[in-house]
Each structure stands twice: as structure tokens, then as C-alpha cells.
Amino acid sequence: MFPKELWLVYYILIHITVLHISAVPNNNDQILVRWQNGIADDFNADTKPFKKILDNYYYIEEDTTLNWFAALHKCHELGAELISYENENEYDALLNHLSKTKCYWIDLTNLSKEGGYQSITTGYPPSFTKWDVGEPNNKFGDENCAQLITYVWGILKMNDNNCYDLCQFICKTKYPLQINFVV
Ligand SMILES: [Ca+2]
């Protein structure tokens, strides 16, 4: 049983809570926030231009084409990195958000180690690769950056290409640099 002596305290607490809720802004008020420690899964935040796919946030450039270096720089400007694929599950999930008619720069390069692709994000060999048939082939001897492109069977796969070719790109981050949320 609820002690009778506490009803008054309970009554006051309820009214304080109601007053507090009525004081928050309406649903149209948006506040720009720099988020330092991640976003709770049940927090309905607007993270545009990043979209959450599985456990990470991705910026998928669909309009502007850049060379690999400029794409890397652009991702850094957005507080992210060129995508570093961790596993096949992530690769499969991203396919649904990408165009088969475009190419996308990813984080793999062998500029520092010919013949051995490494992630510019981690500095280590890639956790996951999905090279197309016969790739990486260093065609013409000047292919040192990896992209996703459709060559065979209509599926985006990895290919090494000239780093100065122009492609869209994918940026990835664990936490977006900023979010909009409704209070
Ligand atoms: Ca190639």
C-alpha cells in the first residue's frame, strides 16, 4: 500500500512535472547540437545528411564527383572518413542505398605499399574486400585507389582505379558531427 503520508509529496511532484513538460518548446523548435558521446538508439534524431545503416552513419554523395584525395578531404570536412568496410553484412546493407550506374570511392589505397591495399582510415590491411573478377589489376600501372563500380553481373564491387578519376564517394562515421533533434 502507498503510505498516506506520501500522497501530498506525490501530488506536488506530479504538478512540478506537468509544469516542466508544459514549458518545453513545441514540436517545430529544432535545436542544433554537437553530440559528443553518441546517440541513444531510441532517440529520434535527424542526422541529415548522414543516414543510419546498421550501427553506423553514412554520407552517400550522389551528385558531385571528386578524385579520391578530394573525396577523402570532403569526408574529413564532414567529420567522417571514407568508408572502411568491416564485413560482408555491411557491404550488403549499403548496396540497397547505392546506384549501380555510379562509382564510389572507398578508403582502400596502396599508395604507400604497392601490391598491398591498406585502409587510409585505420592504416591496416582491410577487414573486408569484395574485389571484382580480376581486380585489383593495376591497369596501365597507375591504379592505386579503390572504388565500388559495376563491371560484372550488375553488382557494385571493388576495383582499383586511377586516384584522379572522378567518382561519387561514401563517408562513414560512428557518430555524426552534428544532429538536429526535436524537443
Ligand atoms: Ca582495376
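The values are calculated or read from the model by the stated rules, or taken from the named source; none is laboratory data. Being a predicted model, the structure only gives us computed values, none of them experimental. Cβ coordinates were reconstructed from backbone atoms using ideal geometry, including for glycine residues, and neighbour counts include every protein chain displayed.
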Of the residues in region 106-121 that are hydroxyl-bearing (Ser, Thr, Tyr) and within 14 Å of the ligand (Cβ to nearest atom), the one that is farthest from Ala71 (Cα to Cα) is Tyr117
Residue list for region 47-72, restricted to those being surrounded by fewer than 21 Cβ atoms within 10 Å (Cβ to Cβ) and either touching a Pro at 6+ places or on another chain (Cβ under 8 Å) or among the hydroxyl-bearing types (Ser, Thr, Tyr) (or both): Thr47, Thr64, Thr65
List every residue pair whose Cβ atoms lie under 8 Å apart, where the two residues are 6 or more positions apart in sequence or sit on different chains, the first residue falls within region 160-171 and is within 17 Å of Thr129 (Cβ to Cβ), and the second residue, located anywhere, is among the acidic types (Asp, Glu). Asp160/Glu135; Asp160/Glu143; Asn161/Glu143; Ile170/Glu61
Among the residues of region 73-87, is there at least one that is farther than 21 Å from Pro49 by Cβ and surrounded by 12 or more Cβ atoms within 10 Å (Cβ to Cβ)? yes
Note down all Cβ pairs under 8 Å where the first residue falls in region 136-153 and is among the hydrophobic types (A, V, I, L, M, F, W, C) and at pLDDT 95 or above, the second is assigned to a loop (DSSP other than H, G, I, E, B) and surrounded by fewer than 14 Cβ atoms within 10 Å (Cβ to Cβ), and they're at least six residues apart or on different chains. Cys145/Leu111
Any chance you could count how many residues in region 99-154 are in contact with a helix residue (DSSP H, G or I) (Cβ under 6 Å, 6 or more places away or on another chain) and acidic (Asp, Glu)? 0
Considering each of Ser127, Ser119 in turn, give the residue that is surrounded by fewer than 17 Cβ atoms within 10 Å (Cβ to Cβ), of a type outside the set (A, V, I, L, M) and touching a residue at least 24 places away in the same chain (Cβ under 8 Å). Ser127
Only one of (1) in a helix (DSSP H, G or I); (2) touching an Asp or Glu at 6+ places or on another chain (Cβ under 7 Å) fails for Asn89. Which number is that? (2)
So if I check each of Tyr91, Tyr124, which one is under 19 Å from Leu54 (Cα atoms) and either within 14 Å of the ligand (Cβ to nearest atom) or of a type in the set (Phe, Trp, Tyr) (or both)? Tyr91
Complete set of residues in region 135-176 that are crowded, with 18+ Cβ neighbours inside 10 Å, basic (Lys, Arg) and either within 12 Å of the ligand (Cβ to nearest atom) or part of a loop (DSSP other than H, G, I, E, B) (or both): Lys157
In the set Ser112, Ser99, which member is among the polar types (S, T, N, Q), in a loop (DSSP other than H, G, I, E, B) and over 19 Å from Cys163 (Cβ atoms)? Ser99
